[in-house]
2 protein chains.
Amino acid sequence: MGIEIERKFLVNGTAWQARVTRQIRMAQAYLNDLQMVESGALRSSVRVRIEDDRAFLNIKSAQRGAARQEFEYEIPCSDARDLLKLCVGGVVEKTRHWVEHDGFRWEIDEFGGDNAGLIVAEIELPSEDTAFDLPEWAGVEVTQHLRYYNLALAEYPFRQWTEQERSGPQIGAVDAC
Amino acid sequence: MGIEIERKFLVNGTAWQARVTRQIRMAQAYLNDLQMVESGALRSSVRVRIEDDRAFLNIKSAQRGAARQEFEYEIPCSDARDLLKLCVGGVVEKTRHWVEHDGFRWEIDEFGGDNAGLIVAEIELPSEDTAFDLPEWAGVEVTQHLRYYNLALAEYPFRQWTEQERSGPQIGAVDAC
C-alpha cells in the first residue's frame, strides 16, 4: 500500500512529444461505479487494467483530491480479460507516455476510443507541499475536477462532454463533476 | 479464474466435529455491498479475507445460485488490514473446519461475533449435476437462500435474524433474503 499524492493538468500543444522516454497502451475498467464511490456507499474504487501484455488489479480509497491510499496487484492477463466483463461502465483506452522534467517523472495520458481528444498529465509527489517546476506544456490544473478521473471517464466519456466542459475548467474553479 | 459450483447446507448436531482434519480462523469483509450486487448495479463482489497469517483478495461474479466465476489473489497481511478499513458492512468472523466425506471435502463454517450460533457446510462440485453422498450431519440445503451468504451476513448478521429466519428455511422454499 502507498499513499498517492497526485496532481493532474491539461496538456497544451505537442512539445511534450519530443520528450517521451517510454510509452505503453492501456485498457482499463472498474468493478464499481462513480456514483457509489461519490455518494459514500462505497469507500474504494476497484480497477482492472491491461498494460500491453501485463495486467493489474488496483484498489484506491475513495476520498477525493490529492492524497489517496492505493493498492496494486499483478494478475494473469486471462483473468483480467474475464474481469473486464464483470466491470460496470465502459472500458477506458489510452496510451500512457512518460516524460522526465526537472527531476520528476510525468505521466501523460492520451486517451482513445470514447475519450479521444483528451490529454491529461499527472505528477506523483512525495508529499502534498512538494515544490516542482511546471513544464511549459502543462496547462490548467484539474486535480479537483472529478470528470477527468478515469473512473468518471468510464461512465461519462469525453465524447459526451458539453463544449464548455471540453474547453476545460476556469482557473481556480472546482465543479461537481 | 475458476467456475465455482457450490452447495450449502445447515449443519445438525456435533457428529461432524470428530471428523475435522484441519481448521483455520478467518476474518473477512467486502469492498461492496449486497444491495448493489443484488440490484445489478454491480456485477461482482470483492472480498478481503485474513486466514490466520495469510490474506487474500477474492472476486466473485454476482449471479446467484451455484455456478459463479471466482478469482483469488494472495496479498500482504498488512494490505489486508488496511483494506478491511475500506470495506462496507461488518467483518464476518468464522472458524472453517474441513471434513472429508465419501471422497469429497466439505467446508464447515462455524461463525463467531455477530453471527455466532450459525454453522453452514459447503461442498464444491466439478459440475452442477455431480452426485454426492449427503452426510448425516448435513441438514436443510440453503444454496438458494441469500441470507446465508457471507456478503449478506456482513450486513444482516445472524444475531439480527428473526426467530423464523434462525430456524432455517422450509425444505423446497426459496426466500428473497
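The values are calculated or read from the model by the stated rules, or taken from the named source; none is laboratory data. In this text the structure is predicted, and so the values were computed from the model without any measurement. Glycine gets a Cβ as well: all are built from the backbone with ideal geometry, and neighbour counts include every protein chain shown.
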Checklist entry - Somewhere in region A:72-87, is a residue in contact with a Leu (Cβ under 8 Å, 6 or more places away or on another chain) and away from chain B (no Cβ under 14 Å)? => result no
Checklist entry - Just to be sure, is B:GLN17 closer than 23 Å to B:ASP114 by Cα, away from chain A (no Cβ under 14 Å) and in a helix (DSSP H, G or I)? => result yes
Checklist outcome for this item: Of the conditions (1) at pLDDT below 90; (2) outside any loop (DSSP other than H, G, I, E, B), the single one that A:ASN32 does not satisfy is (2)
Next on the checklist: Which of the numbered conditions does A:GLN28 fail, given that it passes all the others? Conditions: (1) facing chain B (nearest Cβ under 7 Å); (2) crowded, with 20+ Cβ neighbours inside 10 Å.
Outcome noted: (1)
Checklist entry - For residues in region B:31-47 being touching a residue at least 60 places away in the same chain (Cβ under 8 Å) and of a type in the set (D, E, K, R), which is nearest to the other protein chains (Cβ to nearest Cβ)? => result B:ASP33
Checklist entry - Do we have A:VAL37 as within 18 Å of the chain's Cα centre (by Cα), surrounded by 14 or more Cβ atoms within 10 Å (Cβ to Cβ) and not in a strand (DSSP E or B) here? => result yes
Checklist entry - Across region B:48-71, which residue is surrounded by the most Cβ atoms within 10 Å (Cβ to Cβ) among those that are away from chain A (no Cβ under 11 Å), touching a Lys or Arg at 6+ places or on another chain (Cβ under 9 Å) and among the charged types (D, E, K, R)? => result B:GLU51
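Yes or no, residue by residue, for (1) in contact (Cβ under 8 Å) with a residue 12 or more places away in the chain; (2) within 26 Å of B:ASN32 (Cα to Cα); (3) of a type in the set (Lys, Arg):
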site	(1), (2), (3)
B:GLY112	yes, yes, no
B:ASN115	yes, yes, no
B:LEU118	yes, yes, no
B:THR130	yes, no, no
B:GLU136	yes, no, no
B:ARG147	yes, yes, yes
B:GLU155	yes, yes, no
B:SER167	no, no, no
Next on the checklist: Just the residues that are surrounded by fewer than 18 Cβ atoms within 10 Å (Cβ to Cβ) and in contact with a helix residue (DSSP H, G or I) (Cβ under 9 Å, 6 or more places away or on another chain), please, taken from region A:121-145.
Outcome noted: A:GLU136
Checklist entry - Here is a list of conditions, (1) under 17 Å from B:ASP82 (Cβ atoms); (2) touching a residue at least 60 places away in the same chain (Cβ under 8 Å); (3) of a type outside the set (Ser, Thr, Tyr), and A:LYS60 meets all of them except one; can you say which number that is? => result (2)
